[in-house]
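Notes to accompany the following structure.
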Amino acid sequence: MSEIQETKNKKERDREMVYQLDGRPGLATAVPLGLQHVLAMFTSNLAPILIIAGVCSLSGADTVIMVQCAMFVSGLTTFIQLYPLRLGKNYQVGAKLPIVMGTSFTFVPTASAIGAAGGIGAVLGGCMAGSLVEVFMGFFYKYIRRFFPPLVVGCTLVTIGVNLLGIGVDYFAGGAGAAGYGSLQNLGVAFFVLAIVILLQRFGKGLAKNSAILIGLVAGYVLAAVLGMVDTSPIADAKWFGLPLPFQFHLEFQLPAILSFAALFVTSGLETIGNTSGITIAGFDREATEKETSGAILADALGSTTAAIFNALPNTAFGQNAGIVSMTKVVNRWCIATGAFILMISGFFPKLGALFSAIPNAVLGGAIITVFGMILINGIKMISKAGFSERNILVMGLTFAFGMGVSGHPEAVAQLPSALQFIFNDPVTATCIIAILANILFPLKDESDIAKAKEAMLG
């Protein structure tokens, strides 16, 4: 057989292998496919870090540390999802599926409130302690899943989306409290970025469409630099190489923060369940097994605990990457692993972290405001799938009345213990807890409601 024919056969085997879970296609095939996943989630992975760093008034150097560690932890946790850690015969940490992990937006509204009141230490401490809830969910999820139907998750996602939109608008206008808040310059740059993102998502194809947010971010960054809006001092001060080190911030364990994050880890775990099912259905035409789902949740929990140790925010399975799997049918673990490796290596270059930490608020706002809107829409879609029966309307009414309604009137709960005050003053946490309690108090009885709930749970 000629050398040319051997090369052709290898390329053909590589092309076939990318649609299989196992196997190692050549790097020329694997790297672009892995890079596609990295580009699709890169901005969403770092945006929550930049938002919380801003809320906590961190220095440029501290923000670089958080960004650097976020990239490292995301890559590491993705590796664990791809190549699980065994826990005896029945359990594993990781799904052994093409799941890409990144920093979760779910926690941003609550982390913003906690960070503003107690600083970054309270945020990281709450995340570490709260992640134990997901450990419990991972080991016992088949017994407790019925307490967290799509209606509960949908109500929580709606509240998260509503709160994130407010944060997005602030960034769109230049950042809350900024001297140039709402200036024509900030709004112009933000609209410029938004226009690029929309055009690429609407008319782009392949990698350009999947990387619309990143491309918009880069274009806006260049424009902002030309207009003198970029502070380059963090970039100049950052080292070219540096190890992502743990415990760069003092962790504080405050009960209200722990309770708030614990509630949100339930939602995060359920999102991971949904994304795991979405990947197996799209990539393998089957439901996820109990072992795969349990492993995915446990990896989610381990990633979030590791993130807190390494100065970053909780990790979760990224839905946009599940969408890429659905679109391309590429499920090969080795291909995704090359992307995870790129993420991990990026965490060793503080210059790269500094480059992202210097993004002007208006540029970031223009890039991510559509993402926030999609979280709200996904919540509405999940609620609609569950249906609008009398029972579901009652649950939703109680949830939004006490979850979102009370937060606007903190004086109404001023006589309650401080921990409960904090929960009710945080609409996301309150919505999640009230939705869970209301769902238990008013169980599903109608057969059509039960059927819709099962259908919605399967995606």
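At-a-glance table
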{"item": "Count of residues meeting criterion [assigned to a helix (DSSP H, G or I), within 30 Å of VAL158 (Cα to Cα) and not basic (Lys, Arg)] in the range 344-385", "result": "25"}
{"item": "Qualifying position, being surrounded by fewer than 24 Cβ atoms within 10 Å (Cβ to Cβ) and of a type in the set (Ser, Thr, Tyr), among SER74, SER57", "result": "SER57"}
{"item": "Residues that are within 30 Å of LEU187 (Cβ to Cβ) and small (Gly, Ala, Ser), drawn from the range 229-247", "result": "SER233, ALA236, ALA238"}
{"item": "The range 182-197: number of residues that are modelled with pLDDT of 85 or more and out of contact with any helix residue (DSSP H, G or I) (no Cβ under 7 Å at 6 or more places or on another chain)", "result": "6"}
{"item": "SER407, sole failed condition from (1) modelled with pLDDT under 85; (2) crowded, with 20+ Cβ neighbours inside 10 Å; (3) under 22 Å from LEU223 (Cβ atoms)", "result": "(3)"}
{"item": "Helices (runs of 4 or more DSSP H) within the range 121-236 that include 2 or more residues surrounded by fewer than 22 Cβ atoms within 10 Å (Cβ to Cβ) and without any contact (Cβ under 8 Å) to a residue 12 or more places away in the chain", "result": "132-144, 184-203, 206-210, 212-226"}
{"item": "Pair list, Cβ < 8 Å and 6+ apart or interchain, from the range 353-375 residues that are within 13 Å of VAL218 (Cβ to Cβ) and without any contact (Cβ under 8 Å) to a residue 12 or more places away in the chain to residues that are surrounded by 24 or more Cβ atoms within 10 Å (Cβ to Cβ) and among the hydroxyl-bearing types (Ser, Thr, Tyr)", "result": "none"}
{"item": "Residues of the range 386-428 satisfying the condition of being under 18 Å from LYS445 (Cα atoms), in contact (Cβ under 8 Å) with a residue 40 or more places away in the chain and not in a helix (DSSP H, G or I)", "result": "GLY387, SER389"}
{"item": "Condition met for ILE279 (in contact (Cβ under 8 Å) with a residue 40 or more places away in the chain, in a helix (DSSP H, G or I) and over 27 Å from ILE433 (Cβ atoms))", "result": "yes"}
{"item": "GLY339, sole failed condition from (1) surrounded by fewer than 23 Cβ atoms within 10 Å (Cβ to Cβ); (2) on the phi < 0 side of the Ramachandran plot", "result": "(1)"}
{"item": "Pick from the range 237-259, criterion modelled with pLDDT of 85 or more and in a helix (DSSP H, G or I), ranking: surrounded by the most Cβ atoms within 10 Å (Cβ to Cβ)", "result": "ALA257"}
{"item": "Filter result for ARG86 (of a type outside the set (Phe, Trp, Tyr), out of contact with any Asp or Glu (no Cβ under 8 Å at 6 or more places or on another chain) and in a helix (DSSP H, G or I))", "result": "no"}
{"item": "Enumeration of residues in the range 97-108 that are over 8 Å from the mean Cα position of the chain (by Cα) and over 14 Å from ILE273 (Cα atoms)", "result": "PHE107, VAL108"}
{"item": "Check on ALA322, out of contact with any His (no Cβ under 6 Å at 6 or more places or on another chain), surrounded by 24 or more Cβ atoms within 10 Å (Cβ to Cβ), outside any loop (DSSP other than H, G, I, E, B) and at pLDDT 85 or above", "result": "no"}
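Every residue, every condition in (1) surrounded by fewer than 19 Cβ atoms within 10 Å (Cβ to Cβ); (2) under 18 Å from the mean Cα position of the chain (by Cα); (3) on the phi < 0 side of the Ramachandran plot, yes or no:
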{"position": "ARG15", "(1), (2), (3)": "yes, no, yes"}
{"position": "TYR19", "(1), (2), (3)": "yes, no, yes"}
{"position": "ASP22", "(1), (2), (3)": "yes, no, yes"}
{"position": "PRO25", "(1), (2), (3)": "no, no, yes"}
{"position": "THR29", "(1), (2), (3)": "no, no, yes"}
{"position": "HIS37", "(1), (2), (3)": "no, yes, yes"}
{"position": "MET41", "(1), (2), (3)": "no, yes, yes"}
{"position": "ALA47", "(1), (2), (3)": "no, yes, yes"}
{"position": "ALA53", "(1), (2), (3)": "no, yes, yes"}
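The values are calculated or read from the model by the stated rules, or taken from the named source; none is laboratory data. All values derive from a computational prediction rather than experimental measurement. So basically every Cβ, Gly included, is an ideal-geometry build from the backbone, and we count neighbours across all protein chains shown.
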